[in-house]
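The values are calculated or read from the model by the stated rules, or taken from the named source; none is laboratory data. Owing to the predicted nature of the structure, the values given are computational and were not obtained by experimental measurement. Note: ideal-geometry Cβ built from the backbone for every residue, glycine included; neighbour counts use all protein chains shown.
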Amino acid sequence: MVAILAAGCSARHRRTPDDQLVVLVEARINNLDPRYTETVDDVKLSRLVAVGLTSGETPTLEPKLLLAESIERSDERTVDVVLRPGLRFSDGTPLTAADVAFTFQSMLDPDMASPLLRNMRDRFVRVEALGERAVRFHLVEPLATIMSDLEFGIVSARAAGKSGRFAGGRVIGAGPLMIESFDPEEVRLRRNRRWAFAPPRTERVRVRVVRDANARALMLVGGSADLTQNTIRVDLVDDLIENPRVEMTTGPGTTLTYLMMNGRDPALRDVRVRRAIAYAIDRERVLRSKLDGRGVLATGLLPPGHWAYNPDVEVHRHDPGRAAALLDEAGYRDPDGPGGRPRLRLVYKTSSQQLRVALARVWAAQLGEVGIEVDVQPFEFTTVFHDYKTGNYQLGSLQTAAITEPDFFFPYFNSERIPSAADPNALNRWRYSDARVDELTELGRRTLDRARRRAIYGEVQAIVARDVPIIPLWHENNVAVTNVDLRDFQIYPSGSLWGLLGAVKQR
C-alpha cells in the first residue's frame, strides 16, 4: 500500500472521460439476464439493465412500486398487477403484460433451466397476461413476500425469441442503463433513453474486472477508474485514502458475513463442537482489528434495526474455557496438554481473496488455542464455491446477499433447501435440518399479518442461534472508494450499484 501511495503521488494523474464512469469489480461477470444471474455482481449489474414491477433500491429497503402502477390481492392466492402506461424496453419496443408473464413463466419452465426454478415454483402456479397492462399472478399459497418477489427484472419476450434466451449476453430490459457490449471481463453500459424515470446523470458506465486488489487501488489513485465498492480490504482503506486523489464513503450494510460448518461432517454434526467453535473465536477483536470497526456484530441473519430482528437470542461471546469444556463433553479431550497433539483436525476452505484468507488464518489461530488444528486452504472462488455447494468442505465462510426479508430464513435454513443433484444451487449449504424451523419458515411466508410474522421469525432466530448451523460474524459496512473526481455516489444498504444513476464527474 505504501508503494501504491508513492506511485500515485508521483504518477501523472489521468482522468476517465467525463461522460463515462469506470467501475471496478473483482470477479468475472457471468450473466446479466436476471433469470440466470449467478453472483452478487451479476445481480447488481442486472438490476441496472432489467428492473422489476417493484424496487427495493431504497434507503430503507422497503419495496416500492416501479414498473407497476398498482398491485392488489384479489384473494389470498391471486395478485393482480397493472403496469404503468407507456413503458418501453431499451430497444424501443413496448413493455407489456405478455413480457411480464414470459419472464416469470420462463423461470417456471424446467426446460429453461433457470437456477431460480425451485424458488419460483414455491411461489407461483402460473402468471398470465389479461391484457396489454394487466397481469395476474396465481400463487401456490398466501404469500407475505409478494412486494419483494415482484422486484424481479422483466425482460423482453420478443428480443429473447423462440429460444427464450439472449444471444451474446445482450439482455433487453427496461432499466436505466442498456448493454452496449458484454464480455465476462468487461461490460459496457450506456444510458437508456427510454427509461421511464429520471435519467442517469452520466452517459456511460464501463465495468471492468480487476482481480488484484493492489491494481484496483492503483487505478483509483492514478485516475483510470472512478469507483469500487466493497472490494478494497477495509483494513487498508485508511491508508489508501491518505492520498488526496481518493475518497471513501461508508454506510450501514445488510449483508451477513458468516463462518459455515458442514453439518454432515462426523465431528461438526455435534452441536457441542459447533458451539465450541463459536466460543473459541473472538469476533469483536477481529472486527476491530481487521475491519477497523466498520461493521456491526451479528446475532443471526437479520441486522439490528430490521423490523423482525430478535435481540433476545443466545450469543456465543469469546470464551475459550467454555469452548474447551464443550469439546470435552463431545469426546474431544486434550490428549497431552496445551501445545501438544490437537483434540481435533479440520480443514478450512476459503476464497483466495486477501482479506478472506487473512480472516481464515485468524480463526485458525484462535481455534488452535483450544486444541482444534485448522488447515487453511485458499482456492479461486469458483472452485471453493463449487465445494461449498457439493458439501466438499468442513469449515468455510461466505457473505449473504442483502437481507431485506425475514423469508431469507427459508432458503438458508429450511431442510428442503439442502443442495442436491436436482437443486445444486440451494442455499442451505451447511445441511441443517430442524422440524420446527421447517414448520415456522413455511408458516412465515404465508402469514400476512406483520405482528404474527415477527413472532414466528423471532422463534426461528432463537432456534437457529441455539443450534449454530453457521456462526454469524458481522454485518459489514458498505465501503465505496472513489476517485476524487466522482461526486454524488449514494450508498444503499443493499450494497447495490443503484447509486451510479446519480453519480457524476466533477467539472
Of the residues in the range 99-141 that are out of contact with any Ser or Thr (no Cβ under 8 Å at 6 or more places or on another chain) and over 23 Å from residue 423 (Cα atoms), the one that is surrounded by the fewest Cβ atoms within 10 Å (Cβ to Cβ) is 131
Does residue 173 qualify as being within 24 Å of residue 44 (Cβ to Cβ) and either part of a helix (DSSP H, G or I) or touching a His at 6+ places or on another chain (Cβ under 9 Å) (or both)? no
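I'd like the residue in the range 244-260 that is polar (S, T, N, Q) and surrounded by 19 or more Cβ atoms within 10 Å (Cβ to Cβ) and, out of all such residues, is farthest from residue 428 (Cα to Cα).
Ranking the candidates gives 254 first.
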Starting from the range 421-445, take each residue that is under 14 Å from residue 455 (Cα atoms) and assigned by TED's automatic domain parsing to the domain that holds residue 406 and list its partners that are modelled with pLDDT of 95 or more and among the polar types (S, T, N, Q), counting only C-beta distances under 6 angstrom and pairs at least six apart or across chains. 441/414
The strands (runs of 3 or more DSSP E) lying wholly within the range 193-312 that contain at least 2 residues that are of a type in the set (Val, Ile, Thr) and in contact with a Leu (Cβ under 7 Å, 6 or more places away or on another chain) are 204-209
Determine if the range 422-429 includes at least one residue that is surrounded by 22 or more Cβ atoms within 10 Å (Cβ to Cβ) and modelled with pLDDT of 95 or more. yes
Just to verify a result, which residue in the range 478-495, among those that are surrounded by 21 or more Cβ atoms within 10 Å (Cβ to Cβ) and among the polar types (S, T, N, Q), is nearest to residue 301 (Cα to Cα)? 494
Can you tell which of 396, 371, 391 is within 14 Å of residue 258 (Cα to Cα), in contact (Cβ under 8 Å) with a residue 40 or more places away in the chain and of a type in the set (Gly, Ala, Ser)? 396
Being under 29 Å from residue 386 (Cα atoms) and in the same structural domain as residue 392 (by TED's automatic domain parsing), is that true of even one residue in the range 451-461? yes
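Take the residues of the range 273-288 that are of a type in the set (Val, Ile, Thr) and under 17 Å from residue 358 (Cβ atoms): which is surrounded by the most Cβ atoms within 10 Å (Cβ to Cβ)?
Restricting to residues being of a type in the set (Val, Ile, Thr) and under 17 Å from residue 358 (Cβ atoms), the top hit is 281.
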Given the criterion of a type outside the set (S, T, N, Q) and within 24 Å of the chain's Cα centre (by Cα), identify the matching residue among 264, 208, 272, 190. 208
Condition test on residue 466, is it among the charged types (D, E, K, R) and out of contact with any Asp or Glu (no Cβ under 6 Å at 6 or more places or on another chain)? no
For the range 68-84, does any single residue satisfy the condition of being basic (Lys, Arg) and within 24 Å of residue 171 (Cα to Cα)? yes
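Checking the condition at pLDDT 90 or above and within 25 Å of the chain's Cα centre (by Cα), which residue from 252, 184, 199 passes? Lay out the reasoning, then the answer.
Working: 252 fails: at pLDDT 90 or above; 199 fails: within 25 Å of the chain's Cα centre (by Cα).
Only one candidate qualifies: 184.
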Among 322, 333, 317, which is surrounded by fewer than 20 Cβ atoms within 10 Å (Cβ to Cβ), on the phi < 0 side of the Ramachandran plot and without any contact (Cβ under 8 Å) to a residue 12 or more places away in the chain? 333
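This table checks each residue for (1) over 24 Å from the mean Cα position of the chain (by Cα); (2) within 21 Å of residue 399 (Cα to Cα); (3) modelled with pLDDT under 95; (4) assigned to a helix (DSSP H, G or I).
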site	(1), (2), (3), (4)
444	no, no, no, yes
448	yes, no, yes, no
458	no, no, no, yes
465	no, yes, no, yes
473	no, yes, no, no
496	no, yes, yes, no
501	no, no, no, yes
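Could you check the range 66-79 and list, in sequence order, the residues that are surrounded by fewer than 16 Cβ atoms within 10 Å (Cβ to Cβ) and either assigned to a strand (DSSP E or B) or within 24 Å of the chain's Cα centre (by Cα) (or both)?
The first filter runs over the range 66-79 and keeps only residues surrounded by fewer than 16 Cβ atoms within 10 Å (Cβ to Cβ), leaving 69-70, 72-78.
Those that are surrounded by fewer than 16 Cβ atoms within 10 Å (Cβ to Cβ) and either assigned to a strand (DSSP E or B) or within 24 Å of the chain's Cα centre (by Cα) (or both): 69, 70, 72, 73, 74, 75, 78.
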Return the pair list, or none, for Cβ contacts closer than 6 Å from residues in the range 447-465 that are surrounded by 13 or more Cβ atoms within 10 Å (Cβ to Cβ) to residues that are among the acidic types (Asp, Glu), at least 6 apart or on different chains. 465/314
Does residue 348 satisfy the condition of being of a type in the set (Phe, Trp, Tyr), in contact with a Leu (Cβ under 8 Å, 6 or more places away or on another chain) and farther than 18 Å from residue 476 by Cα? yes
If you go through the range 76-119 one residue at a time, how many are aliphatic (A, V, I, L, M) and under 12 Å from residue 136 (Cβ atoms)? 6
Out of 435, 503, I need the residue that is of a type outside the set (Asp, Glu), crowded, with 16+ Cβ neighbours inside 10 Å and more than 17 Å from residue 261 (Cβ to Cβ). Which one? 503
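Let's see how each residue does on (1) in contact (Cβ under 8 Å) with a residue 24 or more places away in the chain; (2) in contact with a strand residue (DSSP E or B) (Cβ under 8 Å, 6 or more places away or on another chain):
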{"site": "39", "(1), (2)": "no, no"}
{"site": "61", "(1), (2)": "yes, no"}
{"site": "77", "(1), (2)": "yes, yes"}
{"site": "80", "(1), (2)": "yes, yes"}
{"site": "93", "(1), (2)": "yes, no"}
{"site": "101", "(1), (2)": "yes, yes"}
{"site": "108", "(1), (2)": "no, yes"}
Flag for residue 148 being modelled with pLDDT of 95 or more and under 19 Å from residue 175 (Cβ atoms): no
